[in-house]
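In what follows, a single structure is set out as structure tokens and then discussed.
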Amino acid sequence: MSEATTVKAMYEPGEVVKRAPMSHGKKSEQRKRKPHILALINEACTGCSGSPACVDYCPVSECMYWVPDEEHPPFGRIVVDPYTCIGCKLCTSKGPDGAFLEGCPWDAIDMVPLAEWEGKFGTLAY
């Protein structure tokens, strides 16, 4: 199974078990259109030892959630659901000169153009 197939299956609506900590934003309805960019967690994510800074800034309910590292419990990482991400960048908020103000202190969140994400993982349904 290719990486793209594995990753795409990880995001299929209704198939994903989302675990806390996760975002509890006020937006919970299906987004009206695809965003131009999506948040994508890179390999630098440490999960902030179970208290991730990024999830508190996400305005979308259950968009960012914990995925445990099955091989190294109790460690894990945060994943962004591409079907709910609105591309707002609040999870990556940085101040002048890249100083950390809020969001991810490890710079583990990349904002990726939708076309690039879909080219690697397949077209999003919505």
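Can you pull out every residue in region 31-82 that is in contact with a strand residue (DSSP E or B) (Cβ under 6 Å, 6 or more places away or on another chain) and among the β-branched types (Val, Ile, Thr)?
Once the filter is applied, which keeps residues that are in contact with a strand residue (DSSP E or B) (Cβ under 6 Å, 6 or more places away or on another chain) and among the β-branched types (Val, Ile, Thr), region 31-82 yields Ile37, Ile41, Val55, Val60, Val67, Ile78, Val79, Val80.
Take region 33-75 and flag every residue that is surrounded by fewer than 13 Cβ atoms within 10 Å (Cβ to Cβ), within 23 Å of Leu114 (Cα to Cα) and charged (D, E, K, R).
Passing the criteria: Arg33, Glu43.
Using beta carbons and a limit of 9 Å, which pairs, at least six apart or on different chains, have the first residue in region 50-77 and over 20 Å from Pro105 (Cβ atoms) and the second one among the β-branched types (Val, Ile, Thr)?
These pairs meet every condition: Val60/Thr84; Val60/Ile86; Ser61/Thr84; Glu62/Thr84.
Against the definition (outside any strand (DSSP E or B), at pLDDT 95 or above, farther than 18 Å from Val17 by Cβ and among the acidic types (Asp, Glu)), how does Glu116 come out, yes or no? Full working, then the answer.
On the way: outside any strand (DSSP E or B): yes; at pLDDT 95 or above: yes; farther than 18 Å from Val17 by Cβ: yes; among the acidic types (Asp, Glu): yes.
Yes.
Cys104 versus (1) among the hydrophobic types (A, V, I, L, M, F, W, C); (2) assigned to a loop (DSSP other than H, G, I, E, B); (3) out of contact with any helix residue (DSSP H, G or I) (no Cβ under 7 Å at 6 or more places or on another chain): which is the lone unmet condition?
Going through (1) among the hydrophobic types (A, V, I, L, M, F, W, C); (2) assigned to a loop (DSSP other than H, G, I, E, B); (3) out of contact with any helix residue (DSSP H, G or I) (no Cβ under 7 Å at 6 or more places or on another chain) one by one, Cys104 breaks only (3).
Please determine, by comparing only the residues of region 105-126 that are charged (D, E, K, R) and without any contact (Cβ under 8 Å) to a residue 60 or more places away in the chain, which one is surrounded by the most Cβ atoms within 10 Å (Cβ to Cβ). Can you show your working first?
Going residue by residue through region 105-126, those that are charged (D, E, K, R) are 107, 110, 116, 118, 120.
Cutting the leftovers down to without any contact (Cβ under 8 Å) to a residue 60 or more places away in the chain gives us 116, 118.
Numbers: Glu116: 13, Glu118: 15.
By that ranking, first place goes to Glu118.
When the residues of region 87-101 are narrowed to those that are in a loop (DSSP other than H, G, I, E, B) and of a type outside the set (D, E, K, R), which ends up modelled with the highest pLDDT? If you could, list the steps in order and put the result at the bottom.
From region 87-101, those in a loop (DSSP other than H, G, I, E, B) are 87-89, 93, 95, 99, 101; that's our starting set.
Then keep just the ones that are of a type outside the set (D, E, K, R); that gives 87-88, 93, 95, 99, 101.
Working: Gly87: 95, Cys88: 91, Ser93: 72, Gly95: 52, Ala99: 58, Leu101: 60.
Once the filter is applied, the top-ranked residue is Gly87.
The values are calculated or read from the model by the stated rules, or taken from the named source; none is laboratory data. Here the structure is a predicted model, which is why all the values come from computation and not from measurement. Positions of Cβ are generated from backbone atoms using ideal geometry, with glycine treated the same way; all protein chains shown enter the neighbour counts.
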